[in-house]
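Quick notes on the structure that follows.
The values are calculated or read from the model by the stated rules, or taken from the named source; none is laboratory data. All of these numbers come straight from a predicted model, not from anything done at the bench. Note that each Cβ is placed from the backbone with ideal geometry, even for glycine, and that neighbours are counted across all protein chains shown.
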Amino acid sequence: MDKSAQIDTWISDEIHEECGVFGIYDFDGNDIALSVYYGLFALQHRGQESCGIAVSDTSGPKGSVRSYKGMGLVNEVFTPESLEDLKGNIGVGHVRYSTAGASNRENTQPLVLNYVKGTLALAHNGNLVNAPELKEGLAYTGAIFQTTIDSEVIAYLIARERLQTRSVEEAVKNAMLKLKGAYSLVIMSPRKLIGARDPFGFRPLCIGKRGNSYVLASESAALDTVGADFVRDVEPGEVVMINQEGIHSDMSMTQPKKAKCIFEYIYFARPDSCLDSVSVYNSRIMAGRILAQTYAVEADIVVGVPDSGNAAAYGYSLESGIQLATAFVKNSYVGRTFIKPKQSMRESSVKIKLNVLRDVVKDKRVIMIDDSIVRGTTSERIVRMLKSAGAKEVHVRISSPPFLYPCYFGTDVPSDDQLIAHNNTVEKIRDMIGADSLGYLGVDRLSELIEGDRGYCDACFTGNYPIEPPKEDIRGEYDR
Ligand code: SF4
């Protein structure tokens, strides 16, 4: 087992977002590498395996792109010296967690592609469902792939289309006609920054402005970090092109049907982000309120499992009038190089990351709010920790519906045989995790999390895939 696989096992009961993307174009010609670094730092929760930055100078020679990438967290990969070398006023950055394609240096992004029209640097968040077919088609016409990630297929398609189009944004649109699946893209050509979002809008992307610069980012919290004002979201199917003249939008690829990932609001995104005009924090509060309405129980305190359970616990407390308390202290410093405890050791991965405040829970009836149950192992350990600390009762409330199906759109919600809810009733799961009661958010209430908007994806809860899923689970397939 390689090191990254060990780390995977260590965090195996958590669901991961695949990636975060960031881009900036400074019209005044200032160096932007440090801003990309801070932007990626703000998006670190979206991917902790690798990261990278590519920059260019719009007044320099076309095709002169500098990039720096590596395995690890943003603050592990970059040094002041490596950032100093990245001179340029236009740049893109990426943080990655792999769901398709191995975790190695070749697969880090941004991908930088040199071709006859210059250089393209591309950062991608999402997963294509037709990457193997597209890759095969390209390979038969001579393409040689350097990586095992679907993002390279996108970069190739764009480069190829660019040979027949007048502009790179047209090439992006033509490539989009062939892509099926989830993609939020930030692309740098020698003189342009381009943002594109798939027509379903699975993954988020927004636009910010800071002085004389435009910024593109997966989440609005990253705009705040670099001091940019939020301008608006990139619409599903929209292509935005930023050049010296300003920002230009093309909406010709938009479609009525949208499928924004509802789990971004429940878990993936930062609570201080706004996605498609909805505050993530408010949607989590709403999830907690709904849980209090549907699964009321007599108890002394409500506690959230950090971090995404906290806002939902607050919502539950507001709705029920039951006191909100802090029961857990979290150690946030677990990086990918952390040595995983062996099975035989007394220290479990959960205990290393979370500790219980005994005085808070002792002799109390506790309502514990968490965002999801994947395999059930983590929930079982946390319930056990609360009971060992003296909690009289533990009532578990989950701010998402049960996971029943895998995700093919840029997250690692695993195959159904690994999902505890696929083969077990709620009562059985309650018993397995040792809780006194268990209640999940109802699928019928999901739209209330995003102010009644119906344009969301809930396929991992319902099996209603907005795009036909691949016949087999291709997420590992792409590695071979
Ligand atoms: S299947 Fe689930 S995790 Fe995947 S995009 Fe849809 S809602 Fe999000």
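Can you pull out every residue in the stretch 308-324 that is closer than 15 Å to VAL396 by Cα and outside any helix (DSSP H, G or I)? If the condition is that a residue be closer than 15 Å to VAL396 by Cα and outside any helix (DSSP H, G or I), then ILE322, LEU324 are the ones that fit. Of all residues in the stretch 381-390, none are within 29 Å of the chain's Cα centre (by Cα) and either among the hydroxyl-bearing types (Ser, Thr, Tyr) or within 16 Å of the ligand (Cβ to nearest atom) (or both). When you scan the stretch 310-333, how many residues do you find that are touching a Ser or Thr at 6+ places or on another chain (Cβ under 7 Å) and either crowded, with 24+ Cβ neighbours inside 10 Å or under 22 Å from TYR265 (Cβ atoms) (or both)? Looking only at that region, the number is 2. Just to verify a result, which residue in the stretch 397-431, among those that are of a type in the set (A, V, I, L, M, F, W, C), away from the ligand (no atom under 12 Å from the Cβ) and buried (at least 17 other Cβ atoms within 10 Å of the Cβ), is nearest to LYS260 (Cα to Cα)? Applying the filter and picking the extreme gives ILE398. Selection of first residues in the stretch 191-215 that are in contact (Cβ under 8 Å) with a residue 40 or more places away in the chain and assigned to a strand (DSSP E or B) and of second residues that are of a type in the set (Lys, Arg) and buried (at least 24 other Cβ atoms within 10 Å of the Cβ), restricted to Cβ pairs under 9 Å at least 6 apart or on distinct chains, gives the following pairs, ordered by first then second residue: ARG197/ARG203.
Search the stretch 445-459 for residues being out of contact with any helix residue (DSSP H, G or I) (no Cβ under 7 Å at 6 or more places or on another chain) and within 15 Å of the ligand (Cβ to nearest atom), and hand back the single one that is farthest from ALA391 (Cα to Cα). Checking each candidate, the answer is GLY455.
Could you identify the single residue in ALA143, ALA222 that is in the same structural domain as VAL21 (by TED's automatic domain parsing), in contact with a Lys or Arg (Cβ under 9 Å, 6 or more places away or on another chain) and surrounded by fewer than 24 Cβ atoms within 10 Å (Cβ to Cβ)? None of the others qualify; the one that does is ALA143.
Give me the pairs, please: first residue somewhere in the stretch 455-468 and assigned to a helix (DSSP H, G or I), second residue anywhere and near the ligand (Cβ under 7 Å from one of its atoms) and among the hydrophobic types (A, V, I, L, M, F, W, C), beta-carbon distance under 6 Å, and either six or more positions apart or on two chains. Pairs that qualify, where the first residue is assigned to a helix (DSSP H, G or I) and the partner is near the ligand (Cβ under 7 Å from one of its atoms) and among the hydrophobic types (A, V, I, L, M, F, W, C), are CYS460/CYS407; CYS460/VAL413.
The residues in the stretch 154-190 that are in a helix (DSSP H, G or I), touching a strand residue (DSSP E or B) at 6+ places or on another chain (Cβ under 7 Å), under 29 Å from GLU264 (Cα atoms) and not charged (D, E, K, R) can be counted, and the count is 5. Meeting the requirement of 2 or more residues that are in the same structural domain as THR165 (by TED's automatic domain parsing) and modelled with pLDDT of 95 or more, the helices (runs of 4 or more DSSP H) wholly within the stretch 1-118 are 33-42, 74-77, 80-85.
For the stretch 229-268, the candidate set comprises residues that are away from the ligand (no atom under 16 Å from the Cβ) and of a type in the set (Asp, Glu); within that set, the residue that is surrounded by the fewest Cβ atoms within 10 Å (Cβ to Cβ) is GLU245. Is it the case that some residue within the stretch 406-418 is modelled with pLDDT under 95 and more than 21 Å from the chain's Cα centre (by Cα)? Yes, some residue in the stretch 406-418 is modelled with pLDDT under 95 and more than 21 Å from the chain's Cα centre (by Cα). For ALA296, the criteria (1) more than 20 Å from the chain's Cα centre (by Cα); (2) without any contact (Cβ under 8 Å) to a residue 12 or more places away in the chain hold in every case but one, which is (2). Checked against (1) within 12 Å of the ligand (Cβ to nearest atom); (2) touching a helix residue (DSSP H, G or I) at 6+ places or on another chain (Cβ under 8 Å); (3) farther than 30 Å from ASN355 by Cβ, ILE467 passes all but a single condition, namely (2).
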